[in-house]
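I have placed the structure first, in the form of structure tokens, so that the comments after it can refer back to it.
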């Protein structure tokens, strides 16, 4: 009877351990799924924001203005000024080595499973919003200052070659007379 009791206790312990491990795996899978959705949405939003800035030569007020519909609450965007914005994506778990393609698997084997960089957004041009496949747990934010072309106003008479207000007017006086001959008024 004593050995039967030990046997049943062992089976019960194994069953309990199996339930705990299965619950852990399910929770980890749900967290990874949410992070994958956030990553996909962040990449889509980044492409639309970058395209908007390139096409309109200005920073969008919101993600909606840039054409991003239904962004998850794990993504935040804020226009800080006419020349700067902040983009944040929040992840539940760190993804320092995204194994998927053959070269990523090979890198994982040769680097001992370690990621090359501990910084998610350390090596990129801060004038362009770039979403990396590697990220840390928690909020990952970037402050972006895109190149926005703003031409100088052309109504400044000091830059007009043929304006007497131009400091170099004397150098161009003859040229200006040729291209703008005086009109004869009757």
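Which FRET efficiency value, to the nearest 0.05, is calculated for residue 128 and residue 3 with the Förster distance at 45 angstrom and r the Cβ-Cβ distance? So the FRET efficiency works out to roughly 0.05. Once the chain from residue 69 to residue 174 is taken as fully extended at 0.36 nm per residue, the excess over their C-alpha distance is 31.8 nm.
Where a number appears in this text, it was derived from the coordinates with a stated rule and is not lab data. Please read these numbers as outputs of a predicted model, since none were measured by experiment. All Cβ positions, even for glycine, are placed from backbone atoms using ideal geometry, and neighbour counts span all protein chains on display.
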